[in-house]
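The values are calculated or read from the model by the stated rules, or taken from the named source; none is laboratory data. These numbers were taken from a predicted model, which means no experiment stands behind them. Cβ atoms come from the backbone with ideal geometry, glycine included; neighbour counts cover every protein chain shown. Ligands, DNA and RNA are stripped out before the accessible areas are found, and what is left, the full protein with its side chains, is counted by its heavy atoms. Shrake-Rupley method; radii C 1.70, N 1.55, O 1.52, S 1.80 Å.
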Amino acid sequence: MTDVNQGTLYVVATPIGNLEDLSPRAARVLSEVAVIAAEDTRHTVRLLRHLGLALPMLSLHEHNEAARVAQLDERLVGGDDIALVSDAGTPLISDPGFVLVRELRARGRRIVPVPGACALVAALSGAGLPTDRFLFQGFLPAKGGARRLRLEGLAAREETLVFYESPHRIRDTLADIACVLGDRRLVLARELTKAFETFLDGSAECLLARMHDDPDQARGEFVIMIAGAESRDAPEAGEAEADALLGALLAEDVGVKQAAGVAARLLGGPKKVWYGRAQALKDAR
Ligand code: SAM
């Protein structure tokens, strides 16, 4: 049970470009806390100035996060409320904060998210790729070999794949996507919520050509979204071919299970899918 006299850690999302995306609740929380733990205090001071706030801040980034835990915990126990912010978007999402939240939660402290902008969610909401299932992978490895290996490991995933990428690596990453995933459909969201927000749609090779023609398209911040692999639930063979094979086997009194096994071997795809199909054909006879 949380001690009512203890303070709260608010995990506050901040804009990813457009300052109007800061919610009224986030602005209020930032104005009420005793201290703000910020990824880069120089960056956050600009947001605070915009809000007309001057508050004590301390830095919390990947190099000092673990060391900050005890200090911030002490302040919470003493009754101070604290806001955790990153440079842009939602803390902990490819940003610092995970270690702090994990450790404070383990100590039973009150942690309250104040939701708002997040580049991956904004990108997905405007891309027109399936969003019922997606796989967010943060940043791909910086080195080409490791990057291609990671992409190879993801090639069979059926969910929409989502990555963050910087302008320094966008072309190399697109080239690797073209190399590993071929002409898979891709949507590139650039500079979301900012003046030059763009969504580009096409294969990685086609997007590289666009950047070659218009180098401005390679500037700014990116979310890369890639269509998932074709579903392997659907047998690859044409339906008529599949039904003909299963029908012929069933006509020879081959059992449903055996027919499904033969179809899976000859036509590919999971046996359970063929089983369902063979059973349906048998029922219809
Ligand atoms: N915590 C942030 C969030 O909630 O989205 C992400 C921080 S991560 C260090 C920064 C990366 O997010 C950028 O390199 C880019 O891939 C993506 N990103 C952030 N702002 C963006 C924007 N306005 N447009 C496109 N991508 C953005």
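No other residue among THR14, THR8, THR2 is open to solvent by 30 Å² or more (accessible area, probe 1.4 Å) and either more than 16 Å from LEU100 (Cβ to Cβ) or at pLDDT 95 or above (or both) apart from THR2.
Filtering VAL11, VAL69 for residues that are within 16 Å of the ligand (Cβ to nearest atom) and touching a helix residue (DSSP H, G or I) at 6+ places or on another chain (Cβ under 8 Å) leaves a single hit, VAL11. Please verify whether the stretch 52-68 includes one or more residues that are modelled with pLDDT of 95 or more, in a helix (DSSP H, G or I) and open to solvent by 70 Å² or more (accessible area, probe 1.4 Å). Looking for residues that are modelled with pLDDT of 95 or more, in a helix (DSSP H, G or I) and open to solvent by 70 Å² or more (accessible area, probe 1.4 Å), one finds none in the stretch 52-68, hence no. When ALA189, ALA123, ALA117, ALA88 are screened for being out of contact with any helix residue (DSSP H, G or I) (no Cβ under 9 Å at 6 or more places or on another chain) and either surrounded by fewer than 17 Cβ atoms within 10 Å (Cβ to Cβ) or among the aliphatic types (A, V, I, L, M) (or both), only ALA123 passes.
Scanning the stretch 33-51 for residues that are open to solvent by less than 10 Å² (accessible area, probe 1.4 Å) and touching a Pro at 6+ places or on another chain (Cβ under 8 Å) returns VAL35, ILE36.
Where helices (runs of 4 or more DSSP H) sit wholly within the stretch 186-285, those with at least 1 residues that are touching a Phe, Trp or Tyr at 6+ places or on another chain (Cβ under 8 Å) and not assigned by TED's automatic domain parsing to the domain that holds GLU152 occupy 239-251, 256-267.
Checking each residue in the stretch 5-39 for being among the acidic types (Asp, Glu) and within 10 Å of GLY116 (Cα to Cα) picks out only ASP21.
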